[in-house]
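The next block holds one structure in the form of structure tokens; read it before the comments.
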Amino acid sequence: MSVKKLTFASVLTAIAIIIPFAVFFKVVIPPFSATLGSHVPMFISMLLGPQVAIMVGLGSAFGFFLNLGPVVGARALMHVFVGLIGSYLIKKGLSFGRVSLITAPIHGILEALVVMPFIGFDVYNLLVITAVGTILHHGADAFISHIIINILEKTPVVKLAK
């Protein structure tokens, strides 16, 4: 990994850890919660490769675990897998938009599976609240990420994979 990529990975990981503490716009409908922007580091990390996606996903899980406890931390740990899948799809040549759409239901299902041991098999809370809520949150953060990526691409320093 180049020094430049390691630097981007470190900055994105730090942001992923800080977001649960710094962002005050949160939606909480137990067992679901959404912190606006929390997926942005994961989305950007997808463009930098699987190693960066794993590092940023672990940072996200750590930040949410420290701030909101083990259940939300376990849900955030799914960013590792979503980021990893997304980074491989981008390496295969899929666009960021397409990757965002493909990973949305995967993200929703993974988070629903994570909360199942804590709430039991309650279809409404698992599928409607957690899975659909995560998919909507994923979409909102994908939109924010797309804007940020386009801005970063216009700088002479940052060149992310498309």
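All of the numbers you see were taken from the coordinates with simple rules; none came from a lab. The model shown is predicted, which means the values in this text are computed figures rather than measured ones. Heads up, the Cβs are rebuilt from the backbone with ideal geometry, glycines too, and the neighbour counts pull from every protein chain shown.
How many residues does the range 81-94 contain that are in contact (Cβ under 8 Å) with a residue 40 or more places away in the chain and either surrounded by fewer than 14 Cβ atoms within 10 Å (Cβ to Cβ) or within 18 Å of Thr35 (Cα to Cα) (or both)?
3
Only one of these is of a type in the set (Gly, Ala, Ser), buried (at least 18 other Cβ atoms within 10 Å of the Cβ) and in contact (Cβ under 8 Å) with a residue 12 or more places away in the chain: Gly97, Gly139, Gly57. Name it. I'd like the intermediate steps shown before the answer.
On the way: Gly97 fails: buried (at least 18 other Cβ atoms within 10 Å of the Cβ); Gly139 fails: buried (at least 18 other Cβ atoms within 10 Å of the Cβ).
Just one listed residue meets the conditions, Gly57.
Which residues, taken from the range 22-50, are among the hydroxyl-bearing types (Ser, Thr, Tyr) and not in a strand (DSSP E or B)?
Answer for the range 22-50, where residues must be among the hydroxyl-bearing types (Ser, Thr, Tyr) and not in a strand (DSSP E or B): Ser38, Ser45.
Would the range 108-116 turn up any residue that is β-branched (Val, Ile, Thr) and touching a residue at least 24 places away in the same chain (Cβ under 8 Å)? Even if it seems obvious, please write down each step before you answer.
Initially, the range 108-116 is screened for residues β-branched (Val, Ile, Thr), giving 109, 114-115.
Next, from what is left, pick out any that are touching a residue at least 24 places away in the same chain (Cβ under 8 Å): 114-115.
Yes, because at least one residue in the range 108-116 is β-branched (Val, Ile, Thr) and touching a residue at least 24 places away in the same chain (Cβ under 8 Å).
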